[in-house]
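The values are calculated or read from the model by the stated rules, or taken from the named source; none is laboratory data. All values reported here derive from a predicted model rather than from experimental measurement. Here the Cβ positions follow ideal geometry from the backbone for every residue, glycine too, while neighbour counts run over all protein chains shown.
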Amino acid sequence: MAEGFTIWLTGLSGAGKSTIAALLERELRERGRRVEVLDGDVVRTHLSKGLGFSREDRDTNILRIGWVCEVLSRNDVIAISAAISPYRETRDQVRARVGRFVEVYVNCSLDTCIDRDVKGLYKRALTGELPSFTGVSDPYEPPLAPEIEVRTELEPVEASAARIVAYLEANGFLQAREDTILATR
C-alpha cells in the first residue's frame, strides 16, 4: 500500500506555489495516487474564514492546514500545501506533527513576485493600503534546510515540478517511472 506524506510548498505570494501544486497534483493522480491540495487562498475562504493577518492568526491558519495534512497523510493521501507560511517555527511545528514531510522552498525574488502580481496586492502593500503584507511590511523567513528548493524566476514551473517529482522518487516517496507527465511538457 502506498504511504501518504505531505509536500509543503512555501514562498512569497506570486512565487508559483499554487501553479506547482496543480502540476504535482495532476502528475500524482496520473500515477494513481490519492492527492489533496490545500491552497492558502482557498483554505482562508473555508477552513480559516475570519482569521486576520496578525502573527497569531497566520500561525493558527498554518497549524490548521498542517493538521489537515497530518490527517490526510496518515490515511495514505498525499497532501500538498501551497501556503506562504511565513514563519519557520510554525512550519517546524507542522513538520514535527506530520512526520513524512517534504518542505519545498519556492524561491522567487520579491521584484519578480511584484512583476507577477495579477491581484495588485503588492502594489497596495507598497503604498501602505494593505498593512502586514508578507515580504513587504511583514517578514518572510525562508527555510534554512528545505528538502528541495526551486527557483521559479530561473526555470519554468514545469521544470520546478519535475525536479520535485525527481526528489520524491530518489528519496522513496514515489516509485520511479520513466514516463513522468511533467517531463513531456
Residue by residue through region 16-34, note down the ones that are part of a loop (DSSP other than H, G, I, E, B), over 10 Å from the mean Cα position of the chain (by Cα) and of a type in the set (Gly, Ala, Ser).
Gly32
Test: Pro139 is out of contact with any Leu (no Cβ under 9 Å at 6 or more places or on another chain), crowded, with 17+ Cβ neighbours inside 10 Å and at pLDDT 90 or above:
no
Within region 52-63, can you find the residues that are surrounded by fewer than 21 Cβ atoms within 10 Å (Cβ to Cβ) and either assigned to a strand (DSSP E or B) or of a type in the set (D, E, K, R) (or both)?
Arg55, Glu56, Asp57, Asp59
Taking the residues in region 7-51 that are over 23 Å from Cys108 (Cβ atoms) and small (Gly, Ala, Ser) as candidates, determine which candidate is surrounded by the most Cβ atoms within 10 Å (Cβ to Cβ).
Ser48
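Please work out if Gly66 is touching a residue at least 12 places away in the same chain (Cβ under 8 Å), in a loop (DSSP other than H, G, I, E, B) and in contact with a Lys or Arg (Cβ under 9 Å, 6 or more places away or on another chain).
Spelling it out, it is not the case that Gly66 is touching a residue at least 12 places away in the same chain (Cβ under 8 Å), in a loop (DSSP other than H, G, I, E, B) and in contact with a Lys or Arg (Cβ under 9 Å, 6 or more places away or on another chain).
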Could you list, in sequence order, all residues of region 49-87 that are touching an Asp or Glu at 6+ places or on another chain (Cβ under 9 Å), closer than 20 Å to Glu141 by Cβ and of a type outside the set (A, V, I, L, M, F, W, C)?
Arg55, Arg58, Asp59, Ser81, Pro86, Tyr87
Kindly check whether there is at least one residue in region 104-117 that is polar (S, T, N, Q) and over 22 Å from Leu168 (Cα atoms).
yes
Tell me, yes or no, whether region 165-176 has at least one residue that is of a type in the set (S, T, N, Q) and crowded, with 18+ Cβ neighbours inside 10 Å.
no
Can you list the helices (runs of 4 or more DSSP H) found entirely within region 80-185 that contain at least 1 residues being over 30 Å from Gly52 (Cα atoms) and touching a residue at least 60 places away in the same chain (Cβ under 8 Å)?
157-170
